[in-house]
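The values are calculated or read from the model by the stated rules, or taken from the named source; none is laboratory data. Not measured: the values here are computed from a predicted model. In this analysis, Cβ positions are derived from the backbone assuming ideal geometry, glycine residues included, and neighbour counts consider all displayed protein chains. Ligands, DNA and RNA are excluded from the accessible area calculation, which covers all protein heavy atoms including side chains. Shrake-Rupley method; radii C 1.70, N 1.55, O 1.52, S 1.80 Å.
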Amino acid sequence: MLHNEYQATWEILSFPGNGYALQAITKQGKQTRDRKSDNCVVLLRLGNARRKKAVTWLRLLLRETIAMHSNGLQLETKLAMIAKVAKEKPKEKFTSLVHLLNVDMLMKCHHELKRNKAYGIDKVTKDAYEENLIENIHTLQESIKNMTYKPKPVQRVYIPKPGSSKKRPLGISSYEDKIIQLAVSKILTSIYEQDFLDCSYGFRPNRGCHDALRDLTATIITKKVNWIVDADIQSFFDHVDHQWMMKCLEVRIKDRNLLRLIVRMLKAGTMEEGKLILASQGTPQGSIVSTVLANIYLHYVLDRWFEKFIKKHCQGYAHLVRYADDYTCCFQYKAEAEDFFQRMVMRLRTFNLDISSEKSKIIEFGRFAAHDRKRRGENKPETFDFLGFTLYCSKSKNDKFRVKCKTSRKKFKASIYQMKQWIKSKRTTPVKQIMIELKPKLIGYYRYYGITDNTRIIVRYHCEIKRVLFKWLNRRSQRLSYNWSKFLLFLAANPLPEPKIYVSICKSR
């Protein structure tokens, strides 16, 4: 019996030597209350000649699928056992891990990687790699086993930074390196996910940006929070110290072969404009393994330090919420917030990091901030940005204190600009195709920014996009295609997704 993961999946086989193609689809049978019926296989096309050979190939396909599923279950079981040991024994050091990078693991990671992604310096795509998949995977596994595997330098590209004239550097790894990185990240996640604290939300299973916002807003509303330390690490991924990174990994990992493999990933360097730049520090932003390594690094540099040292020395309430390298700290007393800020700067410099002076500040924020500032003759409490949202003090309909969120001005302008450039570039595309491609972009925007109290901003975004669309649809030729009345009729026939609230940050995670 095939597993649920393989239901409704197409398999296309090309038979060597005969030119015939077999298309098969596996359908999940109806589920009964007592048992699941066996999957049936429907053959959509079979050549009249060599029918027996086609059936033989189909049987081999089913055997390989079942074997792959069985090996996948064994792999998941091993990772689950590692996670269980890591949770039950916080001081346990794992001495044998590199053997998990076997053919089954590499094959599973290959299938999980998405197609049509940017390729690295080797210019190998997933489709090209699959042309000789079995041999490639076995060769890759042998190179890991013999420790002859050397990661290729990452391709350095620059993308526009939203709301800024600066550009963000990204590293694009080669395809085989992506497979290895995904496999290594699975192993590291199974171990360190048991150690990570609840204050960390970035790039972790079943956690996301909205969960971090829920935690932060709920803490400010319900706890004794009067001061906020809004901090941002400057170019974090470019300044990760390799020696400290390895010391963090050695706390839980004692497998020298796996550690040596990670060192090679960090030291692979970057290729920029045909020049090789060796890496003495940092981890390429955009690579698969860099997110896990960043969480491990900041877990020891910031999270544990705040939990074990800062909280114990605070007389008032203190709380940390971190998403990747963006974090916000809540304090009850101003003196403790200022003391933490000074200690934090020194702590980060010890690990070769520094804060961004432009984005870091201490502000008065909380239930009593508005009343206290009004009594002193000052303006309303300041606001601060976190994960693309601006948080500000407000009140509910019942005149109770609320922390509300709205899209930050910088992110809003950047989103409008990016959409304007995209629509402008599609002027020669058929109108129906433009509308088809535009809908998922709008839905993606609403699913992230469509949170509690942000209705007005996403409605404004919807109106701005309609104006931009109207403008550039009329730039397709020298003759106007639509006036506003005809454009509204066009939208009635081809409606855009309406803005709505998808996420409630008032509910607990």
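Need the C-alpha centroid separation for region 353-421 versus region 106-150, integer Å.
Taking the Cα centre of region 106-150 as reference, the centre of region 353-421 is 46 Å away.
Can you list the aspartates and glutamates whose alpha carbon is less than 14 Å from that of Lys254, not counting same-chain residues fewer than 8 positions off?
Straight-distance partners of Lys254: Glu92.
Need one number: convex hull volume per residue for region 254-353, Cα atoms only, in Å³. Mind dumping the intermediate values first?
Working: hull volume 12.8 nm³, N = 100.
It is 128 Å³ per residue.
Given charges of +1 on the Cβ of Lys and Arg and -1 on the Cβ of Asp and Glu, with all other atoms neutral, how large is the dipole of region 323-389 about its Cα centre, in debye to the nearest 20? Please list the in-between numbers first.
Working: 12 positive and 12 negative charges, 66 e Å.
I would put it at about 320 debye.
Averaged across orientations, what area in nm² does the convex hull of the alpha carbons in region 401-492 project? Can you show the working numbers first?
Values: hull surface 27.1 nm².
Answer in nm², one decimal: 6.8.
Residue-wise, which Karplus ³J(HN,Hα) couplings in Hz belong to region 423-430, taking 6.51 cos²θ - 1.76 cosθ + 1.60, θ = phi - 60°, and x for glycine or proline?
Using θ = phi - 60°, the values come out as 5, 4, 6, 9, 4, 8, 7, x Hz.
In region 297-349, if every C-alpha pair distance is counted and binned at 10 Å from zero, what percent goes to each bin?
23, 63, 13
Ignoring any ligand, DNA or RNA, what whole percent of the accessible area of region 90-193 comes from carbon and sulfur when the probe is 1.4 angstrom? Let's see the in-between values first.
Details: 2740 of 5450 Å².
The value for region 90-193 is 50 percent carbon and sulfur by accessible area.
Cα-based Rg (one decimal) and Dmax (whole number) for region 232-293, in Å?
12.3, 38
Considering the Cα trace of region 150-234, what is its radius of gyration and what is Dmax, both in angstroms?
Using the Cα atoms of region 150-234, the pair Rg, Dmax is 17.9, 52 Å.
In whole percent, and with a 1.4 Å probe on the protein chains, what portion of the accessible area of region 376-444 is carbon and sulfur? Show your work: numbers first, answer last.
Values: 2020 of 4230 Å².
Accessible surface attributable to carbon and sulfur in region 376-444 totals 48 percent.
Anything over 27 Å Cα to Cα? Flag those among Lys413/Lys439; Lys114/Lys167; Lys87/Lys186; Lys186/Lys439; Lys420/Lys500; Lys439/Lys471, in the order listed. Mind dumping the intermediate values first?
Numbers: Lys413/Lys439 20 Å; Lys114/Lys167 25 Å; Lys87/Lys186 16 Å; Lys186/Lys439 34 Å; Lys420/Lys500 21 Å; Lys439/Lys471 18 Å.
Exceeds cut-off: Lys186/Lys439.
What does the charge count around Glu250 come to, taking other residues whose C-beta lies under 15 Å from its C-beta (Lys +1, Arg +1, Asp -1, Glu -1)? Provide the component values of the computation, followed by the final result.
Details: positive: Lys91, Lys93, Lys247, Arg252, Lys254, Arg256, Arg260; negative: Glu92, Asp195, Asp241, Asp255.
Net charge in that neighbourhood comes out at +3.
Please identify every one of the trypsin sites (Lys or Arg not before Pro) in region 315-394 that sits in a loop by DSSP and has no more than 11 other beta carbons within 10 Å of its own beta carbon.
Details: sites: Arg322, Lys334, Arg343, Arg347, Arg349, Lys359, Lys361, Arg367, Arg373, Lys374, Arg375, Arg376; in loops: Lys359, Arg367, Arg376.
Within region 315-394, the qualifying trypsin sites (Lys or Arg not before Pro) (loop, at most 11 other Cβ atoms within 10 Å) are Arg376.
Within the accessible area of region 215-356, what % is carbon and sulfur when the probe is 1.4 Å and the other protein chains stay in place? Display every interim value, and only then the final one.
Values: 2950 of 6090 Å².
For region 215-356, the apolar C and S fraction of the accessible surface comes to 48 percent.
Put a dot 7 Å past each Cα toward the Cβ at Arg409 and Arg115; how far apart are the dots in nm?
Between Arg115 and Arg409, the simple spin-label model gives 4.6 nm.
In a shell of Cβ-Cβ distance under 9 Å around Trp227, excluding Trp227 itself, what net charge do Lys and Arg (+1) and Asp and Glu (-1) give?
Working: positive: Lys334; negative: Glu336, Glu338, Glu364.
In short, -2.
If you count only protein heavy atoms with a 1.4 Å probe, what accessible area per residue comes out for region 382-483, rounded to a whole Å²?
Values: 5870 Å² over 102 residues.
For region 382-483, the solvent-accessible area averages 58 Å² per residue.
Hey, how many Å between the Cα centroid of region 180-214 and the Cα centroid of region 266-299?
19 Å
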